[in-house]
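Q: Here it is: the structure, laid out below.
The values are calculated or read from the model by the stated rules, or taken from the named source; none is laboratory data. Please read these numbers as outputs of a predicted model, since none were measured by experiment. All Cβ positions, glycine included, derive from the backbone under ideal geometry; neighbour counts span all protein chains shown.
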Amino acid sequence: MANIWYGVTIGCAAMTAVTMLGAWWVALKTGGAEQARAKRVARIAWWGAAGFTVLLAVVCFASRPDLATAYINDPRHALAATVATAGLIGVKLWDRKETELLTFFAAASYVVGMLMNA
């Protein structure tokens, strides 16, 4: 039963990440009311992505105690986590500056970091 909820959590995390990235793409390519709606969706999806990222970290480290040593022994794991975290933080920082292109690239780096972690 735990594997089902782990899969559901990963699916929800992926859905929010792709929604955030897609909404920033729309915000980058449009203007006016469409851009405002896309940004609103992206900002809501950011909270979902952040929440599911924390939840996944807790679940992964709780279910696999050996995972911490894997992060210490293999720098690729730490790099992937750093890219994902920096991307998630970058989305929030660049969004405040109204820089859609940089915000989109930050969202993309979050997705890449999460894929590298998989």
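Q: Can you pull out every residue in the range 16-33 that is within 18 Å of the chain's Cα centre (by Cα) and free of Cβ contacts under 8 Å to residues at least 24 places away in the same chain?
A: Passing the criteria: Gly22, Ala23, Val26.
Q: Separate question: Among (1) within 16 Å of Lys39 (Cβ to Cβ); (2) in contact with a Ser or Thr (Cβ under 8 Å, 6 or more places away or on another chain); (3) in contact (Cβ under 8 Å) with a residue 40 or more places away in the chain, there is one condition Trp94 misses while meeting the rest; what is its number?
A: With respect to (1) within 16 Å of Lys39 (Cβ to Cβ); (2) in contact with a Ser or Thr (Cβ under 8 Å, 6 or more places away or on another chain); (3) in contact (Cβ under 8 Å) with a residue 40 or more places away in the chain, Trp94 is out only on (3).
Q: So if I check each of Gly31, Gly11, which one is modelled with pLDDT under 95, over 20 Å from Ala84 (Cα atoms) and out of contact with any strand residue (DSSP E or B) (no Cβ under 7 Å at 6 or more places or on another chain)?
A: So the residue among Gly31, Gly11 that is modelled with pLDDT under 95, over 20 Å from Ala84 (Cα atoms) and out of contact with any strand residue (DSSP E or B) (no Cβ under 7 Å at 6 or more places or on another chain) is Gly31.
Q: Can you find a residue that is more than 21 Å from Ile44 (Cβ to Cβ), more than 15 Å from the chain's Cα centre (by Cα) and in a loop (DSSP other than H, G, I, E, B) anywhere in the range 88-98?
A: Among the residues of the range 88-98, not one is more than 21 Å from Ile44 (Cβ to Cβ), more than 15 Å from the chain's Cα centre (by Cα) and in a loop (DSSP other than H, G, I, E, B), which makes the answer no.
Q: Still on this structure: Quick test for you: out of Ala118, Ala106, Ala62, pick the one residue that is of a type outside the set (Val, Ile, Thr), at pLDDT 95 or above and at negative phi.
A: Selected residue: Ala106, the only one of Ala118, Ala106, Ala62 that is of a type outside the set (Val, Ile, Thr), at pLDDT 95 or above and at negative phi.
Q: What are the residue pairs meeting all of these: first residue in the range 99-113, first residue in contact (Cβ under 8 Å) with a residue 24 or more places away in the chain, second residue not hydrophobic (A, V, I, L, M, F, W, C), Cβ atoms under 7 Å, and 6 or more apart or on different chains?
A: Thr103/Asp95; Ala107/Gly87; Ser109/Gly87; Ser109/Gly90; Tyr110/Gly87; Gly113/Gly87
Q: Which condition from (1) among the aliphatic types (A, V, I, L, M); (2) at pLDDT below 95; (3) surrounded by 15 or more Cβ atoms within 10 Å (Cβ to Cβ) is the one that Met20 breaks?
A: For Met20, the failing item is (2).
Q: Does Lys97 satisfy being of a type in the set (D, E, K, R) and surrounded by 13 or more Cβ atoms within 10 Å (Cβ to Cβ)?
A: So Lys97 does not fit the description; no.
Q: To continue, here is another question. Does any residue in the range 34-45 that is touching a residue at least 40 places away in the same chain (Cβ under 8 Å) and over 18 Å from Gly87 (Cβ atoms) come within less than 6 Å, Cβ to Cβ, of a residue that is of a type in the set (Asp, Glu) and not in a helix (DSSP H, G or I) six or more places away or on a different chain, and which pairs are these?
A: Pairs found: none.
Q: Here is a follow-up. Residue check: is Gly22 in contact with a Cys (Cβ under 9 Å, 6 or more places away or on another chain) and part of a helix (DSSP H, G or I)?
A: Against the criterion (in contact with a Cys (Cβ under 9 Å, 6 or more places away or on another chain) and part of a helix (DSSP H, G or I)), Gly22 does not qualify.
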